[in-house]
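The values are calculated or read from the model by the stated rules, or taken from the named source; none is laboratory data. Since we're looking at a predicted model, the values are computed, not measured. Here the Cβ positions follow ideal geometry from the backbone for every residue, glycine too, while neighbour counts run over all protein chains shown. All accessible areas refer to the heavy atoms of the entire protein, side chains included, with ligands and DNA or RNA removed. Shrake-Rupley method; radii C 1.70, N 1.55, O 1.52, S 1.80 Å.
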Amino acid sequence: MSAVFPTVREVLALDPVRHGAPRVVGGDSGLDRPVRWVHVAEVPDIATLLGGGELVLTTGIGLPADDAGLRAFIGDLADVGVSGLVVELGRRYVSGVPRVMTAAAERRGLPLVELRRATPFVRITEAVHALIVDAQLTELRAAEEIHQRFTDLSVEGADAAEVIRQAVELSGCPVVLENLSRQVLGYDPAGESAELLLDGWEQHSRRIRPAGRTAYDPDSGWLVTVVGARGQDWGRLLLRWPASGDAPSAAPPNRLSILVERAASTLALGRLIRRDAEGLERQLHRTLLTALLDHSRPVDEVALRAKALGVALDRRHLVGVMVRHRADDPAADGGPEAGQARLRDLSEAVGQALREARLTALTSAVDDNSVGALLALTDPATEDRALSALAEALRRVRLDAATGRAASGTDPSRSGLGGDPLRGGAGGASGGLIVAAGSGVSSLREARRSLVEARQIAEAARRDRRDLPVFRLPHVGLAGLLHLLRDEPRLQTFVERELGPLLEYDAQHPRERLLDTLRAYLEQGRNKSAGAAAAHLSRPAFYERLARIARILDVDLDSVEASLSLHVALLALEAVRTP
């Protein structure tokens, strides 16, 4: 029965009832039963006319005279589910109700109340019914606010976190959103301990078995509704009642059932609207990975939320991984939408590869070009094996995708994965993918270093034509090392010292582009004839430009040491200019 109705205890506190000097003489364990209505009766077989939840008022003048009849009267009321029995003393019973009634009421847990002073029953019925009507109006207003609040959220396209927050604000109760595997997608502890709320969640959730699509499980104290639309359920929304964490008793008020159903509808609608965008799990993965990269959330909170999502990061060997296309602009052929689709396909491919390799990880797109993953390994000794398994699984996923496209007649060049998925390993050749891994770390607080290192290695590896399954720090070479150091002020100072005058000259004479002349000379091993051909200049013109460069920089270009320094500065300049 809905908690919108007052309890027997609350009825006894009303002024018209208190005027009768009420005294509970039996069945006080049932004082928290809700009172649906008040019924006045003076006949012994009244139970046949009741439906349950009534508070029966009587003077006792029509009750049986024998003990057996009184016991049967109490038993019939208890069987039909009345809330309580109030007997006014003075007409049938003067000093108190018979002991047999008290014993029977106590045995059945039926509140039996004596009114020791004469009280007009009509005042009691009016007061109780007014209380019920007021409570129902309050419930209707609350339901209207719930409807309006979640309608606004649906129109605004609010994310799951905001829907959950609003549900907690309206109910004051902890709320958890989980998927069908009992992994937590979102939660709000309503000011309580998140650790206690989520500890052992999967096992706890599997014990919550409500009878119905939206129902209250009194054994666990959770109000549950299924989340889904169009016949495709994808999760459950759970609200804990009572919020205090005490032992569950009465069912939650009807407004809370309305609340969880409206919240679930808003979540389902939002998911339908975003059906072509990232799934909710991937959004959460991205939130957590981004939090590690930019320090936007405490590490302990990231660990807690990841664990609730089914990814344990505590006491694990963590390895940051980045997967990206070699091409700088994956959207160049089809515009921004094509670029987003290609990145989304890459993210799905990495996720599938992790599943096939049976690796646990947080994974999502981390920028416009890269998909990141934070591998959580139980044994540091398995790091190389895990990375190789990931690269091989990613190669198979891309191979399967290419085979499927070929079978369906889809142009592989238009695919989301891009390039030639059949060439070599996961690293591939030009147009393929780069898989880069940072150094393994033993603490989540160090995970950012591994992720950042993986991102830098991936950027540096774009200049490496080798077909490596996984790029690690030793593979990046001089160009890669300079790319890793591109934000280092001392490197930038070195570039300015070596090339500053030449850069200033080119800024004033943009048509001459002496920097390109110097690059062609150094890249051809200081072979002037080959350099002139690479620069598309005649040899006299090329020689004259080299002489001008030597004067501007005040260096001897025939010196191996000076040329080496300039070549390093050119590589560093390219690294600094590359985002």
Report the one residue of VAL8, GLN136, THR59 whose Cα lies farthest in the direction of the positive end of the charge dipole of the range 1-152 (charges on C-beta: Lys and Arg +1, Asp and Glu -1; origin at the Cα centre). THR59
Would you please give the residues with an amide H less than 5 Å from that of GLY53, counting only those at least 5 places away or on a separate chain, with H modeled from the backbone geometry? VAL82, SER83
Keeping all protein chains in place and using 1.4 angstrom, which order do LYS307, LYS528 fall into by accessible surface area, from largest down? LYS307, LYS528
Which angle from 0 to 90°, rounded to the nearest 10, does the C-alpha axis of helix 514-523 make with the longest principal axis of the chain? 80
Could you please report the charge total around THR225, scoring K, R as +1 and D, E as -1 over all other residues with beta-carbon less than 13 angstrom from its beta-carbon? -1
Protection proxy (average C-beta count within 10 Å per residue), highest first, orders 474-481, 538-545 as 474-481, 538-545
I need the peptides 253-261, 547-555 ranked by packing, meaning the mean over residues of other C-beta atoms within 10 angstrom, with the highest value on top. 253-261, 547-555
How would you rank 347-357, 11-21, highest first, on the average number of other Cβ atoms within 10 Å across their residues? 347-357, 11-21
Mean accessible area per residue over the chain (1.4 angstrom probe, all protein chains present, square angstrom) is 48
May I ask for the net charge around GLN166, where only other residues with Cβ less than 13 Å from the Cβ of GLN166 are counted and Lys, Arg are +1 while Asp, Glu are -1? -4
Projecting the Cα atoms of TYR93, VAL82, LEU70 onto the charge dipole of the range 64-116, where Lys and Arg contribute +1 and Asp and Glu -1 at Cβ, the residue farthest towards the positive end is TYR93
To the nearest 20 debye, what charge dipole does the chain have about its Cα centre, counting +1 at the Cβ of each Lys and Arg and -1 at the Cβ of each Asp and Glu? 860
Given only helices, namely DSSP H runs of n ≥ 4 each adding -39500 (n - 2.57), what is the per-residue ellipticity at 222 nm of the chain, to the nearest 500 deg cm²/dmol? -15500 deg cm²/dmol
Whole-percent carbon and sulfur share, accessible surface of the chain, 1.4 Å: 50
Here the range 339-351 yields Karplus 3J(HN,Hα) values (6.51, -1.76, 1.60; θ = phi - 60°; whole Hz; Gly and Pro given as x) of x, 5, 5, 5, 5, 5, 5, 5, 4, 5, 5, 5, x
Please list, short to long, the whole-number percent of alpha-carbon pairs of the chain in consecutive 10 angstrom bins beginning at zero. 3, 13, 16, 15, 14, 10, 8, 7, 5, 3, 2, 2, 0, 0
Charge sum, other residues only, whose C-beta stays under 10 Å from ALA534's C-beta, Lys/Arg counted +1 and Asp/Glu -1: -1
